[in-house]
1. Consider B:ILE180 carefully, then state whether it is touching a residue at least 40 places away in the same chain (Cβ under 8 Å), within 15 Å of the ligand (Cβ to nearest atom) and open to solvent by 30 Å² or more (accessible area, probe 1.4 Å).
2. Right, B:ILE208: more than 16 Å from the ligand (Cβ to nearest atom), farther than 23 Å from B:ASN227 by Cβ, among the β-branched types (Val, Ile, Thr) and open to solvent by 20 Å² or more (accessible area, probe 1.4 Å) or not?
3. When residues of the stretch B:220-264 are filtered for being open to solvent by 30 Å² or more (accessible area, probe 1.4 Å) and within 14 Å of chain A (Cβ to nearest Cβ), how many remain?
4. Check B:LEU65, B:LEU88, B:LEU71 and return the single one that is open to solvent by less than 40 Å² (accessible area, probe 1.4 Å) and modelled with pLDDT under 95.
5. Can you tell me which residue in the stretch B:91-136 is farthest from the other protein chains (Cβ to nearest Cβ), limited to those that are β-branched (Val, Ile, Thr) and open to solvent by less than 20 Å² (accessible area, probe 1.4 Å)?
6. Using the structure shown, decide if B:LEU154 is free of Cβ contacts under 8 Å to residues at least 24 places away in the same chain, more than 14 Å from chain A (Cβ to nearest Cβ) and open to solvent by 10 Å² or more (accessible area, probe 1.4 Å).
7. Please identify the pairs in which a residue from the stretch A:24-40 that is in the same structural domain as A:LEU78 (by TED's automatic domain parsing) has its Cβ atom under 9 Å from the Cβ atom of a residue that is among the hydroxyl-bearing types (Ser, Thr, Tyr) and in a loop (DSSP other than H, G, I, E, B), counting only partners at least 6 apart or on another chain.
8. Conditions first: (1) open to solvent by 30 Å² or more (accessible area, probe 1.4 Å); (2) among the hydroxyl-bearing types (Ser, Thr, Tyr); (3) modelled with pLDDT of 95 or more. A:TYR109 passes all but one, so which condition is the exception?
Amino acid sequence: MHRASELSNDERMEITGAQHAAAYSQQELQDFMVRYQAADPDAARALIRNLSPALFRFLSSQVSTRNEAEDLLQEAWLRIHKARHTYRPGEPVLPWLYAIARHVRVDGYRRRQRIAQREVAAEVLPERRTSEPAGSQLPDFEVLMSYLPDNQREVVTLLKVEGLSLEEVARVTASTVGSVKQKAHRAYKRLREVLTQEQAAGNTASGESA
Amino acid sequence: MNCSDLDFLLHRAAGVDTLPAGAGAHVRTCRRCQALVAALNQGAPLPSVPGEPVPAIEDRLLHNLKPAHALPPKKFFFAAFLLIFVVLMALGIAHLGAFAWAELNLMRRIMICASLGASAALLAYSMVQQMFPGSRRIVSPALLPVGAFVFLTLMLAALFEVGHSGHFIRDGMPCFEAGIPYAVPAAILFWLILRRGAMLSPRVTGVICGALAGLIGVSVLEVHCSNFDLRHILVWHLGVGVAGALAGLAIGSVGELMVRRRSA
Ligand SMILES: [Zn+2]
């Protein structure tokens, strides 16, 4: 039996995970960014259309209304636009992009806390999942994430929802790979506990109803 | 393989079937891991972005779209920061005199140069990373200034001893006041370069910038002042660096508030 760190490259290649939201490869995204910097409107349009759904999902995870999420998306693209000269050709695009979007999200969250009392909740974001998987007793992903502190939730979301690698998440969160691994490890430990409790509660409930 | 070993694979695993043999075998026998793999792979589907924002974003960004030249390579900025550091330090030493240097033995000279140089290089590197979003980090930028000052404190404590040399405050204040003037122009020059980048966290950037600027004052004093009492060195010499970092924190916090107000 081997440890995870002793896996062969082939085994590592087998492990496919959540895919990047982008339909383009890393190389294509890099090419689009370089063309965007050179003021090519087609490249800019391709980036906006292709990456907006994933950015929207990332930004909407801490807001309660669709309007807010839309505002954050607009703000994120404005900041990306203003900072486009800081993208270095050849560097990965997604960590650069998410690092900027992450600050928009954090600023939006703090702003929302400040004006929470003045704001009247408008249209509420629709439920992420409309139905539970058949035969599943699993809690909703968002519900599970709510058991985690902000920094762990952010790391797990970037890894498992946005499909970024450990290295990319470290770049996005301005931390080291070791720190990301530690946060993910703590998050998985906590989630195992939560799921064990949920299963125990489920078993008790089904025992009582039988 | 146990539950913790599996954590290294969960980041990329789409389900039990996609795990390598050892991990898959563990998951099939461990209910806790089974539930975790299934729960994590529910993910969250890509939402459809409602009709209006994307065309509006396109209009706004593409209207009058101009070329934006990519910043020069990171090593260019790294060299620029270190050049400012060395030039201002040299000016300070030329102005105040290298009285301590003449009295230090070779061992102490090497240790002081190496520790100040390493700290300055790490802070300069981290400052460059602050300009480019999504940069790779070898040390957390928020912890680096604290780490640098702890490291310098330990180094100085190893090199110097507590002694009795005159009046602590009366003798110390002139050193502190002599070091600060080198930190201020350095901070201004650093800021002029930093503003070309993205500066996503003005507060963290402010602390790093202030610490590096303050370190110029520390370096000048280490070469100039021949008071080798450890307490004097830690408070009145290294204090210039700490003061720089705190000033950077204050200015960065104000900057962060202004950015947030502007985008509100
Ligand atoms: Zn002194």
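The values are calculated or read from the model by the stated rules, or taken from the named source; none is laboratory data. None of the values given here were measured: they were computed from a predicted structure. Quick reminder, even Gly has a Cβ in these numbers, built from the backbone with ideal geometry, and neighbours come from all protein chains shown. Accessible surface areas use protein heavy atoms only, side chains included; no ligands, DNA or RNA. Shrake-Rupley method; radii C 1.70, N 1.55, O 1.52, S 1.80 Å.
1. Criteria met by B:ILE180.
2. no
3. Looking only at that region, the number is 8.
4. Just one listed residue meets the conditions, B:LEU65.
5. Checking each candidate, the answer is B:ILE112.
6. Yes.
7. So the pair list comes out as A:GLN30/A:TYR87; A:ASP31/A:TYR24; A:PHE32/A:TYR24; A:MET33/A:TYR87; A:VAL34/A:TYR87; A:TYR36/A:TYR87; A:GLN37/A:TYR87.
8. Going through (1) open to solvent by 30 Å² or more (accessible area, probe 1.4 Å); (2) among the hydroxyl-bearing types (Ser, Thr, Tyr); (3) modelled with pLDDT of 95 or more one by one, A:TYR109 breaks only (3).
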